[in-house]
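Worksheet: the structure to be examined is printed underneath.
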Amino acid sequence: MDGSEGGRVLILRILVVMVSITIGVSLLAYLVSGERPYLLFAFQVFKYSLYFSLLLLVLMALERLIPALL
C-alpha cells in the first residue's frame, strides 16, 4: 500500500461518517417534527451514497484488473 491509498481510505471514512451523521440528524428531525421531507431527505442521501459506493467499488476493481490484463 502506498501513501496515496492511505489518504483515500481516510477520505472515504470521513465521507461515511458525514453521511451517517446527516442521515441520523435527518431521521431525528423527522421523529421530532413528524414532517415527511426530513425522511425523504434521509432516504435520498442513503440512496445516493449507495450509488457512490458502488461506483467506487467498480473503479477499485478496474484499478486492480487493468494492470493484470496488460
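Here Tyr30, Tyr51, Tyr38 are screened, and the one residue that is in contact with a Leu (Cβ under 8 Å, 6 or more places away or on another chain), assigned to a helix (DSSP H, G or I) and open to solvent by 80 Å² or more (accessible area, probe 1.4 Å) is Tyr38. Listed by first and then second residue, the pairs linking a residue in the range 33-45 that is closer than 22 Å to Val16 by Cα to a residue that is modelled with pLDDT of 95 or more and aliphatic (A, V, I, L, M), with Cβ atoms under 8 Å apart and 6 or more places separating them unless they lie on different chains, are Tyr38/Leu27; Tyr38/Ala29; Leu39/Leu27; Ala42/Ile23; Ala42/Leu27; Val45/Val19; Val45/Ile23. In the range 1-57, what residues are under 18 Å from the mean Cα position of the chain (by Cα) and small (Gly, Ala, Ser)? Listed by number, the residues that qualify are Gly6, Gly7, Ser20, Gly24, Ser26, Ala42, Ser49, Ser53.
The values are calculated or read from the model by the stated rules, or taken from the named source; none is laboratory data. Not measured: the values here are computed from a predicted model. All Cβ positions, even for glycine, are placed from backbone atoms using ideal geometry, and neighbour counts span all protein chains on display. Note: areas computed on protein heavy atoms with side chains; ligands, DNA, RNA excluded. Shrake-Rupley method; radii C 1.70, N 1.55, O 1.52, S 1.80 Å.
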